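Colleague: Pasting a structure below so you can have a look.
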Amino acid sequence: MSATPRRVENLHTDKGKVPVYATGIVEQPWDDYSADDHATWATLYARQREVLAGRASDEFIQAQDAMGMTPDRIPRFADLNEVLRDATGWTLIGVEGLLPELDFFDHLANRRFPVTWWIRRPDQVDYIEEPDLFHDLFGHVPLLMNPVFADYMEAYGRGGVKAHGIGPEALQNLTRLYWYTVEFGLIRQKDGLRIYGSGIVSSKGESLHSLESAAPNRIGFDLERIMRTRYRIDTYQKTYFVIDSFEQLMDATRPDFTPIYARLARQDSIPAGTVLDGDKVYQRGSGEGWASDGDV
């Protein structure tokens with residue numbers, strides 16, 4: 001354990017942004033959080049819960065309520081761990097910032113979810129580049145209470161360790177799967193499309209954009225289609241992929257990805273925002289879809 005947690009953020013140089021990685025596992029310095037830190041949590045929590053009403057998936061809201069998170073103060077990891085362990089066997093660990101890929105995969109494969117210990121400053125309430133405590137805790141952690149999604153995350157971690165050994169192209173394919181499911185996934189409920197991805201549920205703007213904007217495409221889940229689709233990290237998404245259930249995600253992780261990686265290595269990647277012949281595209285907020293041809 002690191003005795004003195006650091007706040008590790010991206011380095012900005014005259015040549016652009018440089019990601020900075022940290023491997024240390026730290027104790028959550030809960031007693032050191034300031035009044036501003038707790039106020040930032042309260043502001044973001046209250047705002048997002050209001051935005052997510054009728055937009056987030058039932059599973060997400062139910063899981064977050066079951067965890068006992070409240071807007072009055074930053075939760076203690078130790079308290080949440082008691083609930084998580086009983087529900088699905090997962091444990092939260094404190095980290096200082098972005099983890100190297102292999103470290104991250106290893107934690108997931110062993111049902112440990114890394115949570116950044118520090119929260120954004122008041123001037124970063126509307127946008128921050130790095131995943132902070134609010135993104136990790138509010139966005140990622142609740143669905144670890146869901147047994148099927150919890151299994152999916154463990155399977156993803158094991159797949160990541162394997163892909164890391166295969167090579168950079170396989171790793172890129174798998175990273176896209178995480179991006180378009182865990183971070184920016186939509187799910188189809190009986191009453192319409194809903195949000196489950198952490199990058200959406202922790203962002204007011206992305207929550208509205210993902211469901212209510214006419215700009216992005218919302219495409220039915222297809223594993224290889226996702227693994228070929230590029231993405232941007234500096235803007236709202238141009239494409240969201242829609243699952244029918246978390247069981248669908250789990251089923252997609254069961255096959256050996258090695259032949260899939262080999263097959264994809266012979267195909268071109270797909271720009272974000274592209275619709276292909278055969279894609280099932282969903283209307284805004286609808287539970288129904290239709291086939292759409294051509295590029296957008």
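Colleague: What is the extension gain from ARG158 to ALA35, computed as 0.36 nm multiplied by their sequence separation minus the C-alpha to C-alpha distance, in nm to one decimal? It would help to have the intermediate numbers written out before the result.
Modeller: Details: separation 123, 0.36 × 123 = 44.28 nm, distance 3.92 nm.
Value of the extension gain: 40.4 nm.
Colleague: If packing is taken as the mean number of other Cβ atoms within 10 Å per residue, what is the order of 262-275, 86-99, 138-151, highest first?
Modeller: With the highest mean Cβ count within 10 Å placed first, the list reads 138-151, 86-99, 262-275.
Colleague: At 222 nm, what value in deg cm²/dmol follows for the chain if DSSP H runs of at least 4 each add -39500 (n - 2.57) and the sum is divided by all its residues, to the nearest 500?
Modeller: On the way: 11 runs with 114 residues, N = 296.
Roughly -11500 deg cm²/dmol at 222 nm, from the helical runs in the chain.
Colleague: At 0.36 nm per residue, and after removing the present C-alpha to C-alpha distance, how many nm does the segment from SER245 to ARG73 gain when stretched out fully?
Modeller: Details: separation 172, 0.36 × 172 = 61.92 nm, distance 3.24 nm.
Additional length available on full extension: 58.7 nm.
Colleague: Looking at LEU276, LEU80, TYR33, which one has the Cα that reaches farthest to the positive end of the dipole of the chain (charges on Cβ: Lys, Arg +1; Asp, Glu -1)?
Modeller: LEU276
Colleague: Taking 0.36 nm per intervening residue step and subtracting the Cα-Cα distance, what contour gain separates GLN172 from ASP65 on full extension?
Modeller: 35.1 nm
Colleague: Let me ask something additional. Report, by chain and number, residues whose modeled amide H sits under 5 Å from the one on ILE93, excluding near sequence neighbours (fewer than 5 apart, same chain).
Modeller: For ILE93, whose amide H was placed from the backbone, the distant partners under 5 Å are PHE113, VAL115.
Colleague: Go ahead and run the numbers for FRET between ARG6 and ALA53, Cβ-Cβ distance against an R0 of 25 Å, rounding to 0.05.
Modeller: According to the calculation, E is roughly 0.10.
Colleague: How far apart, in nm, are two points set 7 Å out from the Cα along the Cα-to-Cβ line at ARG232 and at THR23?
Modeller: Each label point is offset 7 Å from its Cα along the Cβ direction, giving 3.5 nm.
Colleague: Return a whole-number percent for the relative contact order of the chain, with Cα pairs under 8 Å and 6 or more residues apart as the contact set.
Modeller: Answer for the chain is 16 percent.
Colleague: Ok, one more. Once you have a ≥ b ≥ c as the square roots of the Cα gyration tensor eigenvalues for the stretch 66-223, tell me rounded if a/c is under 1.5, and otherwise prolate or oblate according to whether a/b is larger than b/c.
Modeller: Rounded, because the longest to shortest axis ratio a/c is under 1.5.
Colleague: Ratio of Rg to Rh for the chain, alpha carbon only, Kirkwood?
Modeller: When Rh is taken as the Kirkwood radius, the ratio is 0.95.
Colleague: State, to one decimal in nm, how far the label point of ASN110 lies from the label point of ASP86, with both points 7 Å from Cα in the Cβ direction.
Modeller: My value for the distance between the label points is 2.6 nm.
Colleague: Rounding to the nearest 20 debye, state how big the charge dipole of the chain is about its Cα centre with +1 on each Lys and Arg Cβ and -1 on each Asp and Glu Cβ. If you can, show how the numbers build up before the last one.
Modeller: Numbers: 32 positive and 45 negative charges, 102 e Å.
Roughly 500 debye for the chain.
Colleague: Give the peptides 26-38, 172-184 in descending order of average Cβ contacts within 10 Å, highest first.
Modeller: Most protected by this proxy first, the peptides run 172-184, 26-38.
Colleague: Working from Cα positions, state the angle (0 to 90°, nearest 10) between the long axis of helix 58-67 and the longest principal axis of the chain.
Modeller: Value to nearest ten degrees: 20.
Colleague: Going by Cα centres, the stretch 104-127 and the stretch 37-52 are how many Å apart?
Modeller: One Cα centre to the other: 16 Å.
Colleague: Continuing with the same structure: Name the long-range amide H neighbours of ILE187: under 5 Å, sequence gap of 5 or more, or other chain; modelled H, no Pro or chain starts.
Modeller: ARG194, ILE195, TYR196, ILE243
Colleague: ALA214 versus LYS280, label points 7 Å from Cα toward the beta carbon: distance in nm?
Modeller: 2.5 nm
Colleague: How far is helix 77-88 tilted, in degrees, relative to the longest principal axis of the Cα atoms in the chain, given as a value from 0 to 90 rounded to the nearest 10?
Modeller: 40 degrees
Taken together, the values in this text are just the output of simple stated rules run on the coordinates, not laboratory data. Keep in mind the model is a prediction, meaning the values are calculated, not measured. Please note: Cβ atoms are built from the backbone with ideal geometry, for glycine as well, and neighbour counts cover all protein chains shown.
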